[in-house]
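For reference, the structure is listed below as structure tokens.
The values are calculated or read from the model by the stated rules, or taken from the named source; none is laboratory data. Note that this is a predicted model, so its numbers are computed, not measured. Cβ placement follows ideal geometry from the backbone for every residue including glycine, while neighbour counts extend to all protein chains displayed. In case anyone asks, the SASA skips ligands and DNA or RNA and just uses the protein heavy atoms, side chains included. Shrake-Rupley method; radii C 1.70, N 1.55, O 1.52, S 1.80 Å.
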Amino acid sequence: MKRTIGFLLAAGLVLLGLGLFITSPTGLALIKGGRASVHVGAPDLANGKLMFAAGGCSSCHATENQPDKTRLGGGHALKSEFGTFHVPNISPHPRDGIGAWTGEQFLAAMREGVSPAGTHYYPSFPYASYQRMTPKDVADLFAYIQTLPPVEGKIRGHEIRFPFNIRLALGGWKLLFADQRQFEPDPSRSAAWNRGKYLVEGPGHCAECHSPRNALGGIVADKRFGGGPDPEGKGYVPNITPHATGIGDWSKKDIAYLLESGFTPEYDSVGGSMTPVVGNTSQLPAEDRAAMAEYIATLPPVEGRPKKK
């Protein structure tokens with residue numbers, strides 16, 4: 001009996017240790033094929049600025065209550081059902097921001113959700129979408145951020161309720177919802193469609209807000225882009241699929257025009273968290289907005305909440 005108990009305890013400890021390793025940043029990297037290689041070469045700052053706009057970096061990370069959206073001191077409080085996430089300083093300040101980070105550390109944060117200290121980031125930072133980005137685009141983005149003004153000031157820690165405040169458990173979340181695969185073009189589709197998919201699914205991270213989530217905070221796969229409750233509890237984010245409950249009666253030009261102007265085909269204007277999004281997409285080249293519209297128009301139709309009359 002004692003031997004049986006001892007064996008079960010030993011087996012339990014082995015399984016616990018194996019589980020902790022598998023869900024650690026190192027274990028996950030091994031399972032998912034290793035870490036992406038950092039892009040080597042001179043950075044393209046113009047492309048980095050474009051990725052900055054496509055990724056909406058200033059929408060969350062700009063210092064609050066000031067007009068300069070290149071001052072990335074953070075401080076915005078993202079309220080959710082799991083608690084409140086306080087958006088960090090990502091300015092190039094060497095102590096309070098990411099000024100002392102290496103390219104490898106920035107790539108690991110963006111594509112794996114791993115901090116320089118080797119801990120998991122919460123998916124309120126949308127690395128489940130940013131993982132689709134190419135190492136070159138990530139490197140160019142990092143180089144561009146390094147040209148922006150350093151902002152002094154550390155941001156307070158997150159206020160997350162138990163058991164979601166256990167960061168070790170985030171490894172299990174990543175096993176379920178973050179495959180760490182880079183975007184792969186579809187050779188049967190046009191270059192514009194592939195560019196649009198890359199921008200929408202990768203840096204643009206549109207699905208992060210426009211999709212419902214399950215009890216663990218993961219996107220419900222078969223309802224992707226079908227709309228859902230605003231993550232911050234401020235209403236409902238609309239369905240952007242070509243369904244009658246979404247944007248089924250919109251043309252590609254309508255979609256592209258909204259990304260430029262914020263106006264719908266009914267001459268209504270977007271509001272809430274979509275306002276800064278349009279502020280970012282309006283800075284993209286017209287061909288990129290057209291490419292995003294090209295892809296969005298082909299999304300699988302998903303039934304969402306009926307439109308308001």
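Shape verdict for segment 170-304, please, from the Cα gyration tensor: rounded (a/c under 1.5), prolate (a/b greater than b/c) or oblate.
Working: a/c = 1.60, a/b = 1.18, b/c = 1.36.
Taking the square roots of the gyration eigenvalues as a ≥ b ≥ c, segment 170-304 is oblate.
Once you keep just the Cα pairs under 8 angstrom separated by 6 or more residues, what percentage relative contact order results for segment 224-268? Intermediate values should be presented prior to the final figure.
Working: 40 pairs, mean separation 9.7, N = 45.
The normalised contact order for segment 224-268 reaches 21 percent.
Would you kindly state how much longer the chain becomes between T119 and K234 on full extension, computed as 0.36 nm times their sequence separation minus their alpha carbon distance, in nm to one decimal? Write out the running numbers ahead of the final one.
Values: separation 115, 0.36 × 115 = 41.40 nm, distance 3.03 nm.
My answer for the length gained is 38.4 nm.
If I stretch the segment between H86 and L216 completely, what's the gain in nm (0.36 nm per residue apart, minus their alpha carbon distance), one decimal? Don't jump to the answer; show the numbers that get you there.
Details: separation 130, 0.36 × 130 = 46.80 nm, distance 1.96 nm.
Difference between extended and current length: 44.8 nm.
What does the C-alpha gyration tensor say about the overall shape of segment 67-106? Classify as rounded when a/c is under 1.5, otherwise prolate if a/b is larger than b/c, or oblate. Can you show the working numbers first?
On the way: a/c = 2.93, a/b = 1.54, b/c = 1.90.
Taking the square roots of the gyration eigenvalues as a ≥ b ≥ c, segment 67-106 is oblate.
In terms of modelled amide H atoms, which long-range or inter-chain residues lie less than 5 Å from the amide H of S80?
Residues meeting the criterion, in which the H sits 1.01 Å from N, are F85.
If you fit an axis through the alpha-carbon atoms of helix 252-261 and take the longest principal axis of the Cα set of the chain, what angle between them do you get, 0 to 90°, nearest 10?
For helix 252-261, the angle is close to 80 degrees.
If a/c stays under 1.5 just call it rounded; otherwise compare a/b with b/c (prolate if a/b is bigger, oblate if not). Do that for segment 77-200, with a ≥ b ≥ c from the square roots of the Cα gyration tensor eigenvalues.
Details: a/c = 2.08, a/b = 1.25, b/c = 1.66.
It is oblate, given that a/c is not under 1.5 and a/b is not larger than b/c.
How high is the FRET efficiency between D186 and T264 when r is their beta carbon distance and R₀ equals 22 Å, given to the nearest 0.05?
Numbers: r = 29 Å, r/R0 = 1.31.
Efficiency, from the Cβ-Cβ distance: 0.15.
Tell me, what is the 1.4 Å probe accessible area of H210, in Å² to the nearest 10?
The accessible area comes out at roughly 20 Å².
Convert each backbone phi in segment 179-195 into a coupling constant with the Karplus relation 6.51 cos²θ - 1.76 cosθ + 1.60 (shift: θ = phi - 60°), then list the ³J(HN,Hα) values in order as whole Hz, x for Gly and Pro.
Rounded to whole hertz, the list is 8, 6, 8, 6, 4, 10, x, 8, x, 7, 10, 6, 4, 5, 4, 5, 4.
Just want to confirm a number: the relative contact order over segment 118-188, from Cα pairs under 8 angstrom separated by 6+ residues, in percent. Working shown, then result.
Values: 25 pairs, mean separation 49.0, N = 71.
Dividing the mean separation by the residue count of segment 118-188 yields 69 percent.
Once neighbouring chains are kept in place and the probe is 1.4 Å, which whole percent of the accessible area of the chain is contributed by carbon and sulfur?
That fraction is 61 percent.
Among L170, P203, G97, pick out the residue whose Cα is farthest towards the positive end of the charge dipole of the chain, where Lys and Arg carry +1 and Asp and Glu carry -1 on C-beta, about the Cα centre.
Selected residue: L170.
If you take the charge dipole of the chain about its Cα centre, with +1 on Lys and Arg Cβ and -1 on Asp and Glu Cβ, which of Q283, L259, S59 is farthest toward its positive end?
Value: S59.
Using a Förster radius of 45 Å, what is the FRET efficiency between D249 and A46 based on their Cβ-Cβ separation? Nearest 0.05, please. Walk me through the intermediate numbers first.
On the way: r = 36 Å, r/R0 = 0.81.
Once rounded, the FRET efficiency stands at 0.80.
Before I look further, what does the chain give for accessible area per residue, probe 1.4 Å, in whole square angstrom?
53 Å²
Name the residue, out of G56, G248, G279, whose mean-square fluctuation peaks in a Gaussian network model built on the chain with Cα pairs under 10 Å.
Answer for the Gaussian network model of the chain: G248.
Report the label-to-label distance for T275 and E287 in nanometres (one decimal), using points 7 Å from each Cα along the Cα→Cβ vector.
Using points 7 Å along Cα→Cβ, the separation is 3.3 nm.
By per-residue mean of other Cβ atoms within 10 Å, what is the highest-first order of 96-104, 59-67? Walk me through the intermediate numbers first.
Details: 96-104: 17.3, 59-67: 15.7.
In decreasing order of mean packing, 96-104, 59-67 become 96-104, 59-67.
With r defined as the distance between the Cβ atoms of I166 and A77 and R0 fixed at 25 Å, what FRET efficiency is calculated, to the nearest 0.05?
On the way: r = 21 Å, r/R0 = 0.85.
Working from the Cβ atoms, E equals 0.75.
Enumerate the amide H contacts of L72 below 5 Å, restricted to partners 5 or more residues apart or on another chain; note that Pro and chain-start residues carry no placed amide H.
Hits under the 5 Å cutoff: T63, S91.
Only Cα pairs under 8 Å and at least 6 apart count here; give the relative contact order of segment 47-172 as a rounded whole percent.
Values: 216 pairs, mean separation 39.1, N = 126.
Reported relative contact order: 31 percent.
Quick check on packing: order 117-124, 160-167 by the mean number of other C-beta atoms within 10 Å, highest mean leading. Walk me through the numbers on the way to the answer.
Details: 117-124: 17.0, 160-167: 12.2.
Put in order of decreasing packing, that is 117-124, 160-167.
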